[in-house]
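Below is one structure; the comments refer to it alone.
The values are calculated or read from the model by the stated rules, or taken from the named source; none is laboratory data. Fair warning: this is a prediction, and the values are worked out from it, not measured in the lab. Neighbour counts run over all protein chains shown; Cβ positions are idealised from the backbone, glycine included.
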Amino acid sequence: MQKKMEKEVLLKLTELGREIYRQIDRGEYPKVRIPNRSTSNIVFDEKINQLILGPDVIEKSSSNIKQIRSLAQLLWVASFAKKLVEEKKSSTLRDLFYHSLNYEIRFKKQIESNEAVTDLEALLMEPREAFNIFPKERASIFGRLTIEFTTPESHKGIRTDLSSNPDGMMIGLSVAHAEFISCKADKVFVIEKNAVFRRFIEERVHDRFNAILIDTAGQAPRLARLLIRRLSIELGLPVYVLTDADPWGMHIAMVIIKGSANAAHLKDLTTPNAKWIGLWATDIRRFNLPSFPLTKLDEKRIEVLEEDPRYKEFEWQAELQEFKKMKRRAELESFSTHGLSAIVDKYLPKKLKMISEM
C-alpha cells in the first residue's frame, strides 16, 4: 500500500514538471491553476459531512510579474518533495524553510514556505505527509493496541504494543499508517490536554474503561486525525472527544468530527461518528466546577461558531447559547478540585451513560 501511494505521488509530481516543460516548449509562459483556498470558496458538503473547497481556482502565471516569485517557490517545493519521496527521506516544515535558503527562491519567513507546501497539496490533492513533509509531532497514543510498522523501510515488520511506553507513543507517519494487528479496546478517548492524558494513564483508564487514549495537545494534528479516523472506520471503535469547556475546545472536537477550513482541500481526515462528550458549558453547573469569565475574544469566537454550518445541530447550538448565558468557561483540570481522580471516577461514567441515552 505504501509503495502504491509513493508511486502515485511521484507520478503526480513528475506530471506537474512535464506540464511546465510542455508549456515552455510551446513558447508559453508557464502557469498552474490551483483551487482557491480562501474562505469564500470553502463550503460544507452535507453528503460527506465536512468542509470542502468549492469550484473556484486561482492562476499563478510567470506572465504576471507579481506571481513569478510565488510560482518559482511552488515549483521548487514540488522538486524538493519529489526528491524526498524518491530518496525515501523526510523533512519537517522547518527543515524545508532552512533548506530553501540555499537557493535563489528564498522564502522570507516560514509562513511563506508553509503556504507554498499547502498550495502544492491543493494543486495535487495530496497531503504534505505524502510528500514526506511533516510538522513537529506532538500528539500521542496509549492503549492495548498492537501495531506493525509499514514505514520506514528500516522498521517494516516490527510490532509494538502501544501500552508499552508509559508516556504514550508519538503519532508520526509510521504510527498513523501502521497495520493494526490486535486490539483489546472497545472505545477511544481523544483528549485535548496532556495533563489529563497523563492522569488517564495513571488512573488506568485504558484498563478500567477498555479504551485507547489519544492526546491531541490542543488542536489535533493531521496524522492524529487520520489515526482517529482509522480506529473508528477500520476497527469500528466509538470515539469520544474531551476538551475544555470553551469555544476553542468545542472547535477542537468539531475539527475532528467535520473537518477544518485549513484542510478543506483534503479528505479522509474526519471522523463523523465521533462524539464530543465535554466539557460542555452545561457541565460547569452540573458538576459544580470552578470557572473563569469568558474573554472578549471568547465571545467573538462564539458568535463565529453560531453562524458556522458545522454547528447547526441543536446540541451544539444549545451549548453555544449556554456559554453566552453563563459567560463562563472551565478547564478539564478543574475536576481536581473534587479530587485528583474525580474526572475518572465521577465524570467519565456519568457522561458515557448520558451519551448512550441520547
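Go through the stretch 205-250 and report how many residues are more than 21 Å from SER341 (Cβ to Cβ), outside any helix (DSSP H, G or I), of a type in the set (S, T, N, Q) and modelled with pLDDT of 95 or more.
Residues meeting the conditions: 1.
For residues that are polar (S, T, N, Q) and assigned to a helix (DSSP H, G or I), scanning just the stretch 293-337, find the one that is surrounded by the most Cβ atoms within 10 Å (Cβ to Cβ).
Among those that are polar (S, T, N, Q) and assigned to a helix (DSSP H, G or I), it is SER334.
Within the stretch 271-289, work out how many residues are assigned to a loop (DSSP other than H, G, I, E, B) and surrounded by 14 or more Cβ atoms within 10 Å (Cβ to Cβ).
Final tally of qualifying residues: 8.
When you scan the stretch 189-197, do you find a residue that is touching a Leu at 6+ places or on another chain (Cβ under 7 Å), in the same structural domain as LEU348 (by TED's automatic domain parsing), farther than 20 Å from LEU352 by Cα and aliphatic (A, V, I, L, M), even just one?
no
Give me the residue from the stretch 17-56 that is small (Gly, Ala, Ser) and over 19 Å from ASN262 (Cα atoms) and, out of that set, surrounded by the most Cβ atoms within 10 Å (Cβ to Cβ).
My answer is GLY17.
Under the condition of being surrounded by fewer than 14 Cβ atoms within 10 Å (Cβ to Cβ) and touching a residue at least 40 places away in the same chain (Cβ under 8 Å), which residue from the stretch 144-185 is farthest from PHE200 (Cα to Cα)?
Filtering first and then ranking leaves GLU153.
When LYS136 is evaluated against the numbered criteria (1) closer than 21 Å to TRP276 by Cβ; (2) surrounded by fewer than 17 Cβ atoms within 10 Å (Cβ to Cβ); (3) under 18 Å from the mean Cα position of the chain (by Cα), which criterion, by number, is the only one it fails?
Unmet condition: (1).
To keep it simple, each residue is scored yes or no on (1) acidic (Asp, Glu); (2) free of Cβ contacts under 8 Å to residues at least 60 places away in the same chain.
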residue: PHE314; (1), (2): no, yes
residue: GLU322; (1), (2): yes, yes
residue: ALA330; (1), (2): no, no
residue: SER334; (1), (2): no, yes
residue: GLY339; (1), (2): no, yes
residue: TYR347; (1), (2): no, no
residue: LYS351; (1), (2): no, no
residue: GLU357; (1), (2): yes, yes
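Only one of ALA122, ALA81 is surrounded by 17 or more Cβ atoms within 10 Å (Cβ to Cβ), closer than 25 Å to GLN23 by Cα, in contact with a Phe, Trp or Tyr (Cβ under 9 Å, 6 or more places away or on another chain) and of a type outside the set (D, E, K, R); which? Step through it out loud before you land on a result.
Values: ALA122 fails: in contact with a Phe, Trp or Tyr (Cβ under 9 Å, 6 or more places away or on another chain).
Exactly one residue qualifies, and that residue is ALA81.
Pull out all pairs, ordered by first then second residue, where Cβ-Cβ is under 7 Å, the residues are six or more apart or on different chains, the first lies in the stretch 1-13 and is at pLDDT 85 or above, and the second is not in a helix (DSSP H, G or I).
Note: pairs meeting the criteria are VAL9/GLU126; LYS12/GLU126.
Would a scan of the stretch 88-103 turn up a residue that is under 22 Å from LYS7 (Cα atoms), charged (D, E, K, R), crowded, with 16+ Cβ neighbours inside 10 Å and out of contact with any Lys or Arg (no Cβ under 6 Å at 6 or more places or on another chain)?
no
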